[in-house]
Amino acid sequence: MTESTAHVIVGGGLAGAKAAETLRTEGYQGPLVLIGEETERPYERPPLSKGYLQGKEDREKIYVHPEEWYREHDVELRLGTAVTAIDPAAHRLTLSDGNSLDYAKLLLTTGASPRRLPVPGADLTGVHYLRTVQQSDQLRELFGSAQRLVVVGAGWIGLEVTAAARAAGVAVTVLEVLELPLLRVLGREVAQVFADLHRAHDVDLRFGVKVEAIEGDNGTVTGVRLADGTVIPADAVLIGIGAAPNTQLAEAAGLEVSDGILTNESLRSSNADIFAAGDVARAQHPLFGQAIRVEHWANALNQPQTAAKAMLGQEVAFDRVPYFYTDQYELGMEYLGYVEPDGYDKVVFRGDVKSLEFVAFWLKDGRVLAGMNVNIWDVTDPIRELIVSKRAVDPARLADTNVPLGEV
Ligand SMILES: Cc1cc2nc3c(=O)[nH]c(=O)nc-3n(C[C@H](O)[C@H](O)[C@H](O)COP(=O)(O)OP(=O)(O)OC[C@H]3O[C@@H](n4cnc5c(N)ncnc54)[C@H](O)[C@@H]3O)c2cc1C
């Protein structure tokens, strides 16, 4: 390794691009390479199931940086190239184009990939997943022709695509193995709000059902068969059953991995010269006292800034409270906090749930773990304060809209 050996970022998504930006703004002037398997320069994914999918947002808007930014900041962007192996001892990467590349410090921002549905027929034409801009383009095109869409999985992506499809006039059936949508992330009380919302928009929601096969004719999807034999006709199927972190490279290189690349608070992996950030990282979090993996936009935006500073030798820790947002029909919301499934003992609603203007709080032992503001804005600061301070609150005052949030 010489002075001219590059810092290398593997993964050309939001996290990779933000890390490159921070390395430069923090004064790193040496060679910098960003390697991405996709052929598009880094872009943001949230619009792919919202404004961009609905044709309301231009393609140019999704990119993290304008095309010339990479040249102007001397970031060598190698697109359409995958890293196929890491040799940590030699500080060397093997690339899919047959070349190798040495690194001084390495950042892995390889993101996550949609989980595949392991049933017969899942490879038929008309079965879709949503992670890339090309897949969003395909879905948007389909909204022009398909009459009946079946969505497998009532998670964030499934529900957002459902809302976009309804806006385009497509009939949608949602199939979910659990009893409510988003049950693991929101719990029963708040999950019900999303079930009511989609029913109000004429979505056929079916809970507690298991998909047995996707049926087709001449290689093209015609319906979805459930375990009880029911067949739901479909011109198209979207599978949204979650994502798995792209940890294969890290694992093969001998890094510590457990549903994500394990890192310390400064995003350093079990190898001193390799860091990880974004969807792929399971980082030790100072506030929660445990390692957590967050598959959200704000995490991919902010975590790489800490990782990049750590790569430059700065003493830093990533301690932000996880933040997430969604837009579905007339519901816009922000969610702050971290709650494990069944990790709370009380939900407090503040405001009017029926008219979709409220804040929901998840509490454990009288302390706020998370808050979700629905169609109420500019409240994330007091919500964050309630979470970070870990102070005990009176649920009656929390629910009372006459008590300012900052004074609960
Ligand atoms: C449709 C959709 C909607 C979403 N909506 C929201 C939302 O409303 N709110 C929210 O908070 N979050 C949302 N998210 C989640 C958010 O987009 C992700 O958290 C974010 O994209 C993670 O960024 P990342 O850079 O860590 O990973 P990714 O965006 O997955 O980027 C990783 C990149 O690395 C590349 N790569 C992988 N392996 C290699 C390799 N070996 N060599 C080279 N390149 C490699 C991949 O091809 C990919 O381009 C959404 C996600 C999707 C898919």
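How much net charge surrounds Gly242 when only the other residues with a Cβ under 9 Å from the Cβ of Gly242 are counted, with Lys and Arg +1 and Asp and Glu -1?
0
Viscosity 1.567 mPa s, temperature 4 °C: Stokes-Einstein D of the chain from its Kirkwood Cα radius, in µm² per second?
Result for D is 57 µm²/s.
Report, in listed order, any pair from Lys210/Lys346; Lys18/Lys346; Lys309/Lys346; Lys50/Lys105 with a Cα-Cα distance greater than 32 Å.
Lys18/Lys346; Lys309/Lys346; Lys50/Lys105
Can you divide the C-alpha Rg of region 220-291 by 2.2 N^0.38 Å and report the result to two decimal places?
Relative to the 2.2 N^0.38 Å estimate, region 220-291 comes out at 1.72.
Suppose only helical runs count, i.e. DSSP H with n ≥ 4. What mean residue ellipticity at 222 nm does that imply for the chain under -39500 (n - 2.57) per run, divided by all residues and rounded to the nearest 500 deg cm²/dmol?
Values: 9 runs with 94 residues, N = 408.
Result for the chain: -7000 deg cm²/dmol, rounded to the nearest 500.
If you count, for each residue, the other Cβ atoms within 10 Å and average over each peptide, how do 389-395, 132-138 line up from highest to lowest?
132-138, 389-395
If ligands, DNA and RNA are left out, what is the accessible area of Arg293 with a 1.4 Å probe, given in Å² to the nearest 10?
Here the residue's solvent-accessible area equals roughly 40 Å².
Under the classification rounded if a/c is under 1.5, otherwise prolate if a/b is larger than b/c and oblate if not, where does region 1-86 fall, given a ≥ b ≥ c as square roots of the Cα gyration tensor eigenvalues? Show your work: numbers first, answer last.
Working: a/c = 2.77, a/b = 1.82, b/c = 1.52.
The shape class here is prolate.
Quick check on region 222-261: what are the equivalent-ellipsoid semi-axes from the Cα gyration tensor, as sqrt(5λ), descending, whole Å?
Details: eigenvalues 283, 23, 11 Å².
They are 38, 11, 7 Å, listed from largest to smallest.
For all pairs of alpha-carbon atoms in region 121-183, what percent lies in each bin of width 5 Å, listed from the first bin to the last filled one?
4, 17, 28, 28, 15, 6, 1
Would region 17-143 count as rounded, prolate or oblate if I go by the C-alpha gyration tensor, calling it rounded below 1.5 in a/c and otherwise prolate when a/b exceeds b/c, oblate otherwise?
Because a/c hits 1.5 or more and a/b fails to exceed b/c, region 17-143 counts as oblate.
For q values of 0.16 Å⁻¹, compute log₁₀ I(q)/I(0) with the Debye formula on a Cα-only model of region 116-241, without solvent.
Cα-only, vacuum Debye calculation for region 116-241: -0.72.
Taking H as built 1.01 Å from N, whose amide H comes closer than 5 Å to the amide H of Ala243, not counting residues under 5 places away?
Arg115
For region 330-407, what is the convex hull (Cα atoms) projected area averaged across all directions, in square nanometres? Numbers along the way, then the final one.
Working: hull surface 19.9 nm².
Mean projected area of the Cα convex hull: 5.0 nm².
Rounded to the nearest 0.05, what FRET efficiency do Ala213 and Asn375 give with R0 = 51 Å and r taken as the Cβ-Cβ distance? Could you check?
Efficiency computed from Cβ-Cβ geometry: 0.80.
At Asp204 and Asp74, where each label point lies 7 Å from the Cα along Cα→Cβ, what is the point-to-point distance in nanometres?
6.1
If you stretched the chain out fully between Thr222 and Ala317, how much longer would it get, using 0.36 nm times the residue separation minus the C-alpha to C-alpha distance?
Contour length minus the Cα-Cα distance gives 29.1 nm.
From the Cα gyration tensor of region 268-408, with a ≥ b ≥ c the square roots of its eigenvalues, which class applies: rounded if a/c is under 1.5, or else prolate if a/b is larger than b/c, or else oblate?
Verdict is prolate for region 268-408.
Taking the Cβ of Leu107 as the centre, find all other residues whose Cβ is under 11 Å away and add up their charges (Lys, Arg: +1; Asp, Glu: -1).
Its environment carries a net charge of +2.
Could you work out how far apart the two model spin labels at Asn99 and Glu357 are, taking each label as a point 7 Å from the Cα in the direction of the beta carbon, and quote it in nm?
The two pseudo-label positions are separated by 5.7 nm.
Using a Gaussian network model on the chain with a 10 Å cutoff between Cα atoms, which of Ala167, Ala300, Ala236 fluctuates the most?
Among Ala167, Ala300, Ala236, the largest mean-square fluctuation in the Gaussian network model of the chain belongs to Ala167.
Would you mind counting up the charge near Gly366? Only other residues with Cβ under 13 Å from its Cβ, with Lys and Arg at +1 and Asp and Glu at -1.
Details: positive: Lys346, Lys364, Arg367, Lys390, Arg391, Arg397; negative: Asp345, Asp365, Asp394.
Once positives and negatives cancel, what remains is +3.
Please give the per residue accessible area of region 1-159, computed with a probe of 1.4 Å over protein heavy atoms only, in Å².
Dividing the accessible area of region 1-159 by its residue count gives 45 Å².
Which distance in Å, rounded to a whole number, links the C-alpha centroids of region 248-305 and region 308-326?
One Cα centre to the other: 10 Å.
Which value in nm describes the separation of the simple spin-label points at Arg140 and Thr125, placed 7 Å from the Cα toward the beta carbon?
It is 2.3 nm.
The values are calculated or read from the model by the stated rules, or taken from the named source; none is laboratory data. Note that this is a predicted model, so its numbers are computed, not measured. Positions of Cβ are backbone-derived with ideal geometry, glycine not excepted, and every protein chain shown enters the neighbour counts. Remember, those area values only see protein heavy atoms, side chains included, never the ligands or the DNA or RNA. Shrake-Rupley method; radii C 1.70, N 1.55, O 1.52, S 1.80 Å.
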